[in-house]
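Visitor: Can you keep this structure in mind? I'll have questions shortly.
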Amino acid sequence: MNIHAIKAIYRFEMARTGRTLFQSIVSPVISTSLYFVVFGAAIGSRISEVDGISYGAFIVPGLIMLSLLTQSVSNASFGIYFPRFTGTIYEVLSAPVSYLEIVIAYVGAAATKAIIVGLIILATAALFVPLEIQHPGWMLLFLMLTAVTFALFGFIIGIWADNFEKLQFVPMLIITPLAFLGGSFYSISMLPPFWQKVTLFNPVVYLISGFRWSFYGQADVDVGVSLAMTLLFLGLCLAVIWWIFRTGYRLKS
């Protein structure tokens, strides 16, 4: 394992965050805080509690997960797409660095950025509502697994995309709607029985449900199922990335 190569790519990606601090950190935190204020004030005034939890506190895990998903995908997709766009990816591929080390560096940097944003949003939310984290270890596990999984997914998108429009297509038109419909702002038990069953086909439901369970000990889906679905999606992303490097899809042409 070439640790020096991993560190070099990782530090380069993290340094880019410092140069674009407002876009990378400040902007998503402000946007999520506005979600919290608007939804917490507008809907919270009509819904006092959900499953015995104040509405303002109930939506915090969903908001963190919404930001975590979008930031993981966006950071990872841009991180690998830009070297492809400029042609510097060929220098990385020709260097004595294995494909595994490349993935670890790029995905690790993207996941780190997303986790930082998620923790900042968590601290910001604590200023508005009293938070309770019943299972902090599980909370960190879901936080890291989700960030890594969707950073891998973003890595795949960054290789697949051949222009900036495609780079933004999946996060804006797929990930964000799935997060909104995955129980970020409500419990799926509030839906009619038919739509409860339909919602279970949304993979984001399991992520948000497991993450919310780590806070309040209540979930729409069993926490074991949530963890299993997260690991399944992680395995699928790893399999696709293995195929990409094995075939050189959009990397060697």
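FYI, it's all coordinate maths here, none of it is from the lab. Because the structure is predicted, anything quoted here is derived from the model rather than measured. Counting neighbours? That spans all protein chains shown, and the Cβs are built from the backbone with ideal geometry, glycine included.
Visitor: For PHE36, PHE180, PHE142, what ranking results if the residue with the fewest other Cβ atoms within 10 Å of its Cβ goes first?
Guide: PHE180, PHE36, PHE142
Visitor: Arrange the following residues from fewest to most other Cβ atoms within 10 Å of their Cβ: TYR106, TYR186.
Guide: Working: TYR106 26, TYR186 20.
By the 10 Å Cβ count, ascending: TYR186, TYR106.
Visitor: When the Cα centres of segment 207-235 and segment 36-111 are compared, how far apart do they sit, in Å?
Guide: Here the two parts' Cα centres lie 17 Å apart.
Visitor: Taking 0.36 nm per residue of separation and subtracting the Cα-Cα distance, what length does fully extending MET172 through TRP243 add?
Guide: Numbers: separation 71, 0.36 × 71 = 25.56 nm, distance 2.58 nm.
Length gained between MET172 and TRP243: 23.0 nm.
Visitor: Name the residue, out of GLY137, GLY62, GLY79, whose mean-square fluctuation peaks in a Gaussian network model built on the chain with Cα pairs under 10 Å.
Guide: Fluctuation is largest for GLY137.
Visitor: Rounded, prolate or oblate: which one fits segment 131-186, using the alpha carbon gyration tensor with axes a ≥ b ≥ c (rounded when a/c is under 1.5, else prolate when a/b beats b/c, else oblate)? Don't skip to the end; give the middle numbers.
Guide: Numbers: a/c = 4.44, a/b = 1.76, b/c = 2.52.
It is oblate, given that a/c is not under 1.5 and a/b is not larger than b/c.
Visitor: Cα axis of helix 136-160 to longest principal axis of the chain: angle in degrees, 0 to 90, nearest 10?
Guide: Tilt of helix 136-160: around 50 degrees.
Visitor: Need one word for segment 113-209: rounded, prolate or oblate. Basis is the Cα gyration tensor (sqrt eigenvalues a ≥ b ≥ c); a/c below 1.5 gives rounded, then a/b vs b/c decides.
Guide: Values: a/c = 1.98, a/b = 1.18, b/c = 1.68.
Here segment 113-209 falls in the oblate category.
Visitor: Can you sort VAL170, VAL117, VAL240 so the residue with the fewest Cβ neighbours within 10 Å comes first?
Guide: Listing VAL170, VAL117, VAL240 from fewest to most nearby Cβ atoms yields VAL240, VAL170, VAL117.
Visitor: Quick check for the chain: number of Lys pairs with alpha-carbon distance under 30 Å, counting only pairs 8 or more apart or on different chains?
Guide: Details: LYS7/LYS113; LYS7/LYS166; LYS7/LYS252; LYS113/LYS166; LYS113/LYS252; LYS166/LYS252.
Value for the chain: 6.
Visitor: Quick check: from the Cα gyration tensor, does segment 3-247 come out rounded (a/c under 1.5), prolate or oblate?
Guide: On the way: a/c = 2.06, a/b = 1.72, b/c = 1.20.
It is prolate, given that a/c is not under 1.5 and a/b is the larger ratio.
Visitor: A follow-up question, please. Starting from the Cα-Cα distance between TRP195 and GLN218, subtract it from 0.36 nm times their residue separation and give me the gain in nm to one decimal. Please report the intermediate quantities before stating the final value.
Guide: Values: separation 23, 0.36 × 23 = 8.28 nm, distance 2.00 nm.
Here the segment from TRP195 to GLN218 would lengthen by 6.3 nm.
Visitor: Okay, next question. Might you report the magnitude of the Cβ-based charge dipole of the chain about its Cα centre, with Lys and Arg at +1 and Asp and Glu at -1, to the nearest 20 debye?
Guide: Details: 13 positive and 10 negative charges, 126 e Å.
Magnitude of the dipole: close to 600 debye.
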